[in-house]
Amino acid sequence: VDYADLTGAPSGADRPNPRVISNNVMADQSRGREAAKRSDMVWAWGQFIDHDITSTPNSGAMDWNIAVPLGDPAFDPKREGKAMIPFSRSSAAAGTGTGPDNPRQQINAITPWLDGSMIYGSDAVRAAALRSFEGGKLRVVESEHGPMLCPNTLGLPNDNPTHKPADGLLLAGDTRANENLALLSLQTLFVREHNRVADELARQHPELDDQQLYLQARRQVGAEIAAITYNEFLPALLGPNALPAYAGYRPEVDGRISNEFATAAYRLGHSQIDPIVWRDAADGGAIPEKDLPLVATYFSPERLAEGGLEPLLRGLTRFIQEPTDEKITSQVRNMLFGRPGQGGMDLAAINIQRGRDHGLPNYNAMRQAYGFEPITSFSQLSSDPVKVGKLTYTYGDVDKLDAWVGLLAEDPAPEAAVGPTLKAILVDQFTRLRDGDRFWYGNDPGLADQREALDGLGLAEVIRRNTQIGDEIDDSPFFGEKFIRSKP
């Protein structure tokens, strides 16, 4: 860790203001699309499984707000010099932060395992609220576009920064499910898949009761999510064979989520996010309700009524994502959860501040921790002279480079969307998540007869059997072919 006092005080007093870094280095003009043609499904699936393995609570105290530079074009256009981006420090784990030998640590409020908790919940109350208690199935409401998640009529906790009525948001296993339509479409898809599996099990095994059907369907769906993640998503993101082959459960492996993964490396998806929510009809054109700017979809589940899941899932699988680099779309860099002056925030500045809040070491220290030599010049980080110039102008000293910024700025490793240090962190974490999981589907005797089918399962198959989508999407939904349509 790199706390200012080695115990818990945030780092970064000698580094530039996070919003200044965001403006200087991370603005996304003239960006284009990724050359390798990875689809928008990469970032969408990445967020979907992130909500299964990490959730860091914060104090809610707004105790370390980010000062906005005078005259900031988005947040201080009238040059009043009073604007702030609200920021609360992450909650400290009990008993930590007492001294350099026991520095402040943060909490993961959910299990690190890929177990489908974003669908099923991480506490007994939420888990029960999601169940129908009939036939092992989850609660849904029927609509003209098929089964949908239920409104949160029970007042259970839900992230709600746009201050919607509680029942104006939907209830899922994770409190963040309503954040955007891409995420919500995957949440809904896998609730449908759970109910499809439960129905199939009930037909095959009429002797099973509701609880048995629920648990077995959950077991299978969790395995499907793990299989898709490791057999499709990670190879698309990191290149083929990036992880060592699975050799069985290893009880000595610690599968917990590392701070550098949760707070820096796995925030790579914020770079990949598409500023447009593409809503494709079966014939490849936009649906009558048209595409949407991302800002119009935050915490707006009512938009699912505009054509259902199908247009969203087609768009995610057909359109090519933004490159994985240090650039961040203005839809989250200036308009996170609202337009400037209407609740909008800067996700890039928040990520930089979060790294300092958690006492993350600088980029060079993180490189060394993963076996790489430190860099002595920004030109060693990237072959792009414009990027190098912006980093040099903004930071001056490579040893002051924030880890998240440096990881995104790396030139990609061969066959990967990400640079070598970022790739190493992801390989380490996802290997430990798999090998340290006693219930991993490759180690679960209750799934032994399904293992071959699970290894051959693709996301396209799950989409096709739970929606009206057919062969109009590719069998490899993590790669797309469409660059852009005229903006909505």
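The values are calculated or read from the model by the stated rules, or taken from the named source; none is laboratory data. Predicted model, so just to flag it, every value in this text is computed and none were measured. Every residue, glycine among them, receives a Cβ derived from its backbone with ideal geometry; neighbour counts consider all protein chains shown.
Assorted remarks:
- Contact map, segment 225-244: first residue at pLDDT 95 or above, second residue crowded, with 21+ Cβ neighbours inside 10 Å and among the acidic types (Asp, Glu), Cβ cut-off under 8 Å, separation 6 or more or different chains; pairs are Ile225/Asp52.
- Sole residue being farther than 23 Å from Val418 by Cα, in contact with an Asp or Glu (Cβ under 8 Å, 6 or more places away or on another chain), surrounded by 21 or more Cβ atoms within 10 Å (Cβ to Cβ) and small (Gly, Ala, Ser), chosen from Gly359, Gly307, Gly355: Gly359
- Every condition in (1) part of a loop (DSSP other than H, G, I, E, B); (2) under 17 Å from the mean Cα position of the chain (by Cα); (3) among the aliphatic types (A, V, I, L, M); (4) more than 16 Å from Asp428 (Cα to Cα) holds for Ala282 except the one numbered (2).
- Once segment 1-45 is narrowed to residues that are of a type in the set (Lys, Arg) and in a loop (DSSP other than H, G, I, E, B), the residue that is farthest from Gly222 (Cα to Cα) is Arg15.
- Selection count, segment 7-36, where residues are closer than 30 Å to Asp280 by Cβ, among the charged types (D, E, K, R) and more than 19 Å from the chain's Cα centre (by Cα): 3
- Against the list (1) within 22 Å of Pro112 (Cα to Cα); (2) among the aliphatic types (A, V, I, L, M); (3) buried (at least 19 other Cβ atoms within 10 Å of the Cβ), the condition Val427 fails is (3).
- The residue that is farthest from Ala36 (Cα to Cα), counting only those in segment 470-488 that are at pLDDT 90 or above, over 24 Å from the mean Cα position of the chain (by Cα) and loosely packed, with under 15 Cβ neighbours inside 10 Å, is Gly470.
- Test: Gly344 is at pLDDT below 95 and more than 17 Å from Asp325 (Cα to Cα): yes
- Near pairs, Cβ below 8 angstrom, 6+ apart or cross-chain, from segment 369-390 (without any contact (Cβ under 8 Å) to a residue 40 or more places away in the chain and exposed (fewer than 12 other Cβ atoms within 10 Å of the Cβ)) to any residue that is of a type outside the set (Phe, Trp, Tyr) and part of a loop (DSSP other than H, G, I, E, B): Ser383/Asp411
- Unique residue being part of a loop (DSSP other than H, G, I, E, B) and at pLDDT below 95 when the list is Gly338, Gly371: Gly338
- Note on segment 433-469: among residues that are basic (Lys, Arg) and part of a helix (DSSP H, G or I), the one that is surrounded by the fewest Cβ atoms within 10 Å (Cβ to Cβ) is Arg465.
- Check on Ser39, of a type in the set (Ser, Thr, Tyr) and either at positive phi or buried (at least 21 other Cβ atoms within 10 Å of the Cβ) (or both): yes
- Sole residue being more than 25 Å from the chain's Cα centre (by Cα) and either among the hydrophobic types (A, V, I, L, M, F, W, C) or not in a loop (DSSP other than H, G, I, E, B) (or both), chosen from Phe48, Phe87, Phe75: Phe75
- Test result for Arg318, surrounded by 24 or more Cβ atoms within 10 Å (Cβ to Cβ) and out of contact with any helix residue (DSSP H, G or I) (no Cβ under 8 Å at 6 or more places or on another chain): no
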